[in-house]
Amino acid sequence: MTEDTRPKSLYQYDPEGLQARIVELGGQKFHAKVLRKQVLEKGLLDAHGLTSLPAALREALPTKLPLLAGQENDRVVSKDGTIKFLTEFERGLEGRVAIETVHMPSLRKNSERGATICVSTQAGCPVGCTFCASGLGGLIRNLKAHEIVEQFVRARALGPIARCVVMGIGEPLLNFAAVQEALATVREGLDIGARKITVSSVGFPDRLRKAADENPRFDLAISLHTPFQEQRDALVPAMAGVPIEDVLAAGDYWFEKTGREVTYEYVLLGEDTDTPEHAQALAECLQGRRATINLIPYNPSRDLPYQRPRTEAVEGFQRYLQDAGLVAPIRWSRGLQESAACGQLRALSQ
Ligand code: SAH
Ligand code: SF4
């Protein structure tokens, strides 16, 4: 266990606690709001840029109220400008954990849109999908809301953010209170609309329904991966025994309740889930729904026993779904191929 003697950082305080702390440090209550907002808005990693604060308060911040809790300890930049970085957090009984975040600039020339970022919600993942490197070691711990917020601040420091996908490491519905709290904080400072945030989940039905009832201000993606029950039970172990129909029914409930269409995600595992039988059964499964299904060609990682699908198989799969009236874009992975340890970095920003 690491003893953490550092002062609490900005987003670890609740709004009232922060006001009190700021007053202790010689500022005024309203500076709390300014601070929470500006750090996100500008992507500030240190207090120098906080020119609207009184100098005395600004100078007290680094030692008494640091803006961030973690430290960036690794960064990989790919040719297309995609940046993956790891932030290390020390707090917690488990000692250090390294959290992965990805910043993908828009590929459009002269685009005024910002990047799409992909944030993590847990250190490790308890779901254990057999094709996903994140699930290999199980769950280390849930991230705290401030650790999720910090990923946004650090990503914002790399450039403007247009969209966010909560599709990094972890299963957001298993750490939902922290996810909701973090997104609420992020919206205070980032001009990011509800339709610009997508949360991806394997779709625990009860949790999905509950989330739908809580006025979620984001879009939902459900990771489906196969239309066959037995195969899903094997591929997504934590969902074993949960009928696919129940997952789809929870997705329908989400749509009724929120008016937001659900996107389904389907990882195409070469010669495994990319067959014509799969395409046919999937189309039947989703019949009658106005659904988009993102086809994600498997991105090979480490020693997992799966292969990248052949391009013809991917295109044939897509054609079948389109002919059946479904919207089925292919989401090829972007950048960082060889370093995509989590195997989930892919283009949602084209
Ligand atoms: N736990 C959530 C969100 C994080 S995973 C979920 O599973 O939905 C985000 C997406 O990345 C999932 O759809 C997952 O199936 C996909 N993914 C995981 N490993 C992958 C790999 N090696 N290649 C392609 N997609 C992968
Ligand atoms: Fe967890 Fe998602 Fe990876 Fe499955 S795909 S192990 S749910 S992060």
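The values are calculated or read from the model by the stated rules, or taken from the named source; none is laboratory data. Computed from a prediction, not measured in an experiment: that's the story for all the values here. For neighbour counting, all protein chains shown are included, and Cβ atoms are generated from backbone atoms with ideal geometry for every residue, glycine included. SASA here: full protein model, heavy atoms, side chains in, ligands and nucleic acids out. Shrake-Rupley method; radii C 1.70, N 1.55, O 1.52, S 1.80 Å.
Being within 12 Å of ligand 1 (Cβ to nearest atom) and in a helix (DSSP H, G or I) is the filter; apply it to region 238-272 and report the residue that is most open to solvent (accessible area, probe 1.4 Å). Step by step, filter region 238-272, then rank; the result is Ala238. Quick check on Leu68: is it in a loop (DSSP other than H, G, I, E, B), hydrophobic (A, V, I, L, M, F, W, C), more than 24 Å from Leu143 (Cα to Cα) and open to solvent by less than 40 Å² (accessible area, probe 1.4 Å)? Here the answer is no, as Leu68 does not meet what is asked. Could you please find all residues in region 112-162 being among the small types (Gly, Ala, Ser) and either in contact with a Phe, Trp or Tyr (Cβ under 6 Å, 6 or more places away or on another chain) or within 10 Å of ligand 1 (Cβ to nearest atom) (or both)? Correct list: Ser120, Ala133, Ser134, Gly135.
Scanning region 212-237 for residues that are more than 21 Å from Asp272 (Cβ to Cβ) and part of a helix (DSSP H, G or I) yields Ala212, Asp213. In the set (1) in contact with a Pro (Cβ under 8 Å, 6 or more places away or on another chain); (2) outside the structural domain of Ile197 (by TED's automatic domain parsing), Pro54 fails one condition alone, (1).
Within region 196-217, the set of residues being modelled with pLDDT of 95 or more and either of a type in the set (Gly, Ala, Ser) or over 13 Å from Leu174 (Cβ atoms) (or both) comprises Ile197, Thr198, Ser200, Ser201, Gly203, Pro205, Arg209, Ala211, Ala212, Asp213. Residue-level analysis places Gly26 among those that are touching a residue at least 12 places away in the same chain (Cβ under 8 Å), at positive phi and surrounded by fewer than 15 Cβ atoms within 10 Å (Cβ to Cβ). When Ala55 is tested against (1) small (Gly, Ala, Ser); (2) touching a strand residue (DSSP E or B) at 6+ places or on another chain (Cβ under 7 Å); (3) without any contact (Cβ under 8 Å) to a residue 60 or more places away in the chain, only condition (2) is not met. Look through region 168-195, keep the residues that are among the acidic types (Asp, Glu) and either within 18 Å of Leu248 (Cα to Cα) or in contact with a Lys or Arg (Cβ under 6 Å, 6 or more places away or on another chain) (or both), and return whichever of them is modelled with the lowest pLDDT. Residue satisfying both the conditions and the ranking: Glu188.
Each residue in region 203-242 was checked for being within 13 Å of ligand 2 (Cβ to nearest atom) and of a type in the set (Lys, Arg), and 2 of them qualify.
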